[in-house]
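Step one of this worksheet: look at the structure below.
The values are calculated or read from the model by the stated rules, or taken from the named source; none is laboratory data. On a predicted model such as this, the values are computed, not experimentally measured, just so you know. Counting neighbours? That spans all protein chains shown, and the Cβs are built from the backbone with ideal geometry, glycine included. The protein model used for the area step is the full one, side chains on, heavy atoms only, and it has no ligands, DNA or RNA in it. Shrake-Rupley method; radii C 1.70, N 1.55, O 1.52, S 1.80 Å.
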There are 2 protein chains.
Amino acid sequence: MVNQQAALDSLFHALADPTRRAVVSRLLKGAAPVKQLSEPFEMGLPAFLKHLSVLEMSGLIHTEKHGRVRTCRVDAERLAAAEGWLSQQRAIWQGRTDRLADFVESQTPPEQNA
Amino acid sequence: MVNQQAALDSLFHALADPTRRAVVSRLLKGAAPVKQLSEPFEMGLPAFLKHLSVLEMSGLIHTEKHGRVRTCRVDAERLAAAEGWLSQQRAIWQGRTDRLADFVESQTPPEQNA
DNA sequence: TTGTTGGTTCACCATGTGGCGAACTATATA
DNA sequence: TATATAGTTCGCCACATGGTGAACCAACAA
């Protein structure tokens, strides 16, 4: 469970940068080589590779090299993990606000996922 | 839209730390003063206040002071904003994989929780 | 074989982050 | 008034982050 925390740390950290979010967004539409991925961004390859490395460390993407070109693809399950934490939190919140709703509607036992 | 990016930056950055996630989680169960919030964590008040400051800058929490006690509460809409970006991304991904699924199943409108 | 292209590595730099202790302010409370 | 309590501010530190340019390696292409 401690490890879970570390995973979320690196996940959210990876997403806390517009370049990296753009890369994820781009990769969700299909795999791509490093060079092509880097083209929209006004930064050197070394800097861009660091972003890729952060993404890869977080597990959000994984890459493989064929010949001299490295191809990147996204791991959608990692993305779902981040979303999972958030919707879990929302469930807590909704568990609370639902009591107001229940007071009016009186149905649906809250059943928050611990 | 550029500002949107900055908002997501600080949102995800705020969430990229176990202490801050724990605070958010705690606050989703109800507002609390700084001291009480800080108790579970083994760090000084100054360090903890920096975390609160990061959370407040991101808009995830807001605070108000009455007398000498500052009360913190969460802003669930900010949390929803982060979740929103993620589910938006998932929609892209699912738009792709759904074509495979539809090819086999061709039923059940996915009903994602917006 | 000689370029060119795609990636990689390295040293370096400015800035940000996350923690500390110490000193301080302001509000309750005794 | 005196004292404890809740926050705040400040200076400091170690380390991570995000960028640079330059040199370099490995695979195609001419």
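A few notes on this one:
- Three-way shape call for segment A:16-67 based on the alpha-carbon gyration tensor, with the a/c threshold at 1.5: rounded
- Between A and B, accessible area buried - total, square angstrom, nearest 100, 1.4 angstrom probe: 2600
- Dipole magnitude of segment A:2-74, debye to nearest 20 (Cβ charges: Lys/Arg +1, Asp/Glu -1, about Cα centre): 280
- Other protein chain Cβ atoms within 10 Å, averaged over every residue that makes up A:3-11: 2
- Shortest-first nm distances, B:Q4 label point to equivalent points in other copies (7 Å, Cα→Cβ): 3.2
- Counts of other chain beta carbons within 10 angstrom of each beta carbon in peptide B:12-25 average 5.
- Spin-label model, B:Q36 to A:E77: label points 7 Å out along the Cα-to-beta-carbon direction sit 4.1 nm apart.
- Against the criterion of solvent-accessible heavy-atom surface with a 1.4 angstrom probe, B:S10, B:S38 sort, most first, into B:S10, B:S38.
- Under 23 Å of direct C-alpha separation, and excluding same-chain neighbours fewer than eight residues apart, B:K50 reaches these lysines: B:K29, B:K35, B:K65.
- Segment B:5-58 and segment B:60-97 have Cα centres lying 13 Å from one another.
- Nonlocal amide H pairs with A:A32, under 5 Å, H built at 1.01 Å: A:C72
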